[in-house]
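Taking it in order: structure first as structure tokens, then the write-up.
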Protein chains: 2
Amino acid sequence: MDDPVLLTGAGGRVGTAVLDGLGTAYDWRLFDLEPPASTPAGIDETDVYVGDVTDREALREAISGVGAVVHLAGDPRPKAPWDSVLHNNIDGTHAVFEVAAEQGVDTVVFASSNHAVGAFETDDRTPEMYRTDDDYRLDGTEPARPSNEYGVSKATGEVIGRYFYDHSELSVACVRIGNLTEGHPPIEYERGQAMWLSHRDCAHLFDRCLQADYGFEVVYGISDNDRKYYSIDRAREVLGYEPRDNSAAYTFDGERK
Amino acid sequence: MDDPVLLTGAGGRVGTAVLDGLGTAYDWRLFDLEPPASTPAGIDETDVYVGDVTDREALREAISGVGAVVHLAGDPRPKAPWDSVLHNNIDGTHAVFEVAAEQGVDTVVFASSNHAVGAFETDDRTPEMYRTDDDYRLDGTEPARPSNEYGVSKATGEVIGRYFYDHSELSVACVRIGNLTEGHPPIEYERGQAMWLSHRDCAHLFDRCLQADYGFEVVYGISDNDRKYYSIDRAREVLGYEPRDNSAAYTFDGERK
């Protein structure tokens, strides 16, 4: 990817992991609702765009000339109210895909979420499904079952992505991101350990989404955890994802064994 | 269903087919953006509610005390612009499910659409998939592939329905309605003949959605056409749907053979 890559929601947790991990490997442009406290290292101030992600004009300016968009912007709160996710996440994601398609961008990588499928974690499957001896797996082909309205908005973003994939030249990857934490997996939280995504695996996965050749994909974004109920087979096969971390490598206190 | 049943979008094409076919079998309440030109036969004027389907307060009044909601309201145009379907179809459907769940309604039947999956009709499958000797079938388990932004909004309505099914006491049926026409199937339109839904089969299918016992279902709403690429097996099995019409019973001119 020689063309610039736009990162929306650049100041959020996923954006931080991606920028920290990939750094100057890409010619980044950043888009966010608020200006960053300081411009990240290696990024020119003129590549920082500030605007609401539903503002098609602001997006047009930021997207013009980029080869790919990594779309992370949106209200990230699992308990976000409907009005906020309707605006920021659903309309915002539509705006990004619409402008990216119109501007002839090659690829949009969309940050979906485990919350798009959280209601598969039923009372009769949990906590067993979070454990290493359980073989229940979601693989990305299942229809959405959101755990909250944030999850509804993320599942809708996938539908929007599918629509634009089928009706434009865009390649689209939707990454159902697990539990991203820095340094070590969540402590005393089986579910979080099962869907842990380390910072370096997160950066690597988004890198693969920018490098690999595909059409439309829905993949799970977790590390290679012993505990898991999301399959990462599709991400390995299509994207060349090779995670290096595993929540089982850490003690219950978060120390590396 | 002894309790009243609210029909949103009552004045539209599907609402007309349902009211014509089921008449006084239910204690109807009607909800629509505009008052009806005349109150349909057998319905009391006090059971006619006028409001925007995103107006939670207006919905609360109409839904209070009903046993079921048949939710048809929305912008019905396949080419409707995003802003309209975002408001009328996505936010409107969320409002209906939200208020229905809050009010302890038993069942919401949601009018989804063939446009939620229209992009399965790819160039390499058509027109063969519209013909009787082709065995390609969609069965309702496939993730959405919308053909337009109206279809995105309908697929999103299904996701919203799934969310409320998993998080409330509601039973939810999503009916991906085919090509509803009165009298005879579309003429010289293979696709329309393959997804034809006659008025009486439409009324019968919504009747079954109100009578049958189920949790969450996505079914196709078409007659028992010889030409088909939607399976109606699930509607038969779970809902007891027994369609009586078949587009093959009509000549190319629309006469019954």
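Observations on the model:
- Some residue of region B:69-76 being under 23 Å from residue A:54 (Cα atoms), open to solvent by 10 Å² or more (accessible area, probe 1.4 Å) and of a type in the set (A, V, I, L, M): no
- Test: residue in region B:25-44 that is assigned to a loop (DSSP other than H, G, I, E, B) and in contact with a Phe, Trp or Tyr (Cβ under 6 Å, 6 or more places away or on another chain): yes
- Candidate set from region B:1-18 (those that are part of a loop (DSSP other than H, G, I, E, B) and in contact with a Pro (Cβ under 9 Å, 6 or more places away or on another chain)); member that is most open to solvent (accessible area, probe 1.4 Å): B:11
- The requirement of being more than 14 Å from chain B (Cβ to nearest Cβ), open to solvent by less than 30 Å² (accessible area, probe 1.4 Å), of a type outside the set (Asp, Glu) and under 20 Å from the mean Cα position of the chain (by Cα) is fulfilled somewhere in region A:92-100, by at least one residue.
- Test: residue in region B:150-173 that is more than 14 Å from every other protein chain (Cβ to nearest Cβ) and buried (at least 24 other Cβ atoms within 10 Å of the Cβ): yes
- Looking across A:32, A:83, A:52, A:75, one residue alone is of a type in the set (D, E, K, R) and more than 25 Å from residue B:89 (Cβ to Cβ). It is A:32.
- Taking residues in region A:89-103 that are farther than 13 Å from residue A:172 by Cβ and free of Cβ contacts under 8 Å to residues at least 60 places away in the same chain, and partners anywhere that are assigned to a helix (DSSP H, G or I) and among the β-branched types (Val, Ile, Thr), the pairs with Cβ atoms closer than 6 Å and at least 6 places apart or on different chains are A:99/A:63; A:103/A:63.
- Per-region count, region B:56-66, residues crowded, with 16+ Cβ neighbours inside 10 Å and farther than 16 Å from residue B:164 by Cβ: 2
- Filtering region B:75-130 to residues that are farther than 23 Å from residue B:18 by Cβ, acidic (Asp, Glu) and in contact with a strand residue (DSSP E or B) (Cβ under 7 Å, 6 or more places away or on another chain) leaves nothing.
- When restricted to residues that are of a type in the set (Ser, Thr, Tyr) and within 24 Å of residue A:83 (Cβ to Cβ), region B:83-122 contains 3.
- If you go through region B:174-200 and pick out every residue that is buried (at least 19 other Cβ atoms within 10 Å of the Cβ), of a type in the set (Lys, Arg) and under 15 Å from the mean Cα position of the chain (by Cα), you end up with 1.
- For region A:234-253, the condition of being in contact (Cβ under 8 Å) with a residue 24 or more places away in the chain, open to solvent by less than 20 Å² (accessible area, probe 1.4 Å), assigned to a loop (DSSP other than H, G, I, E, B) and touching a strand residue (DSSP E or B) at 6+ places or on another chain (Cβ under 7 Å) holds for at least one residue.
- For region A:127-149, the set of residues classified as at the interface with another protein chain (Cβ under 9 Å from one of its Cβ atoms) and either small (Gly, Ala, Ser) or touching a residue at least 24 places away in the same chain (Cβ under 8 Å) (or both) consists of A:141, A:142, A:144, A:145, A:146, A:147, A:148, A:149, listed by residue number.
- Breaking point among (1) within 14 Å of another protein chain (Cβ to nearest Cβ); (2) in contact with a Leu (Cβ under 7 Å, 6 or more places away or on another chain); (3) surrounded by fewer than 22 Cβ atoms within 10 Å (Cβ to Cβ), for residue A:117: (3)
- Flag if residue A:21 is out of contact with any helix residue (DSSP H, G or I) (no Cβ under 8 Å at 6 or more places or on another chain) and modelled with pLDDT of 95 or more: no
The values are calculated or read from the model by the stated rules, or taken from the named source; none is laboratory data. As the structure is a computational prediction, the values presented were derived from the model and not from experiment. Note that we place each Cβ from the backbone using ideal geometry, even for glycine, and neighbour counts take in every protein chain shown. Only protein heavy atoms, including side chains, enter the accessible area calculation; ligands, DNA and RNA are left aside. Shrake-Rupley method; radii C 1.70, N 1.55, O 1.52, S 1.80 Å.
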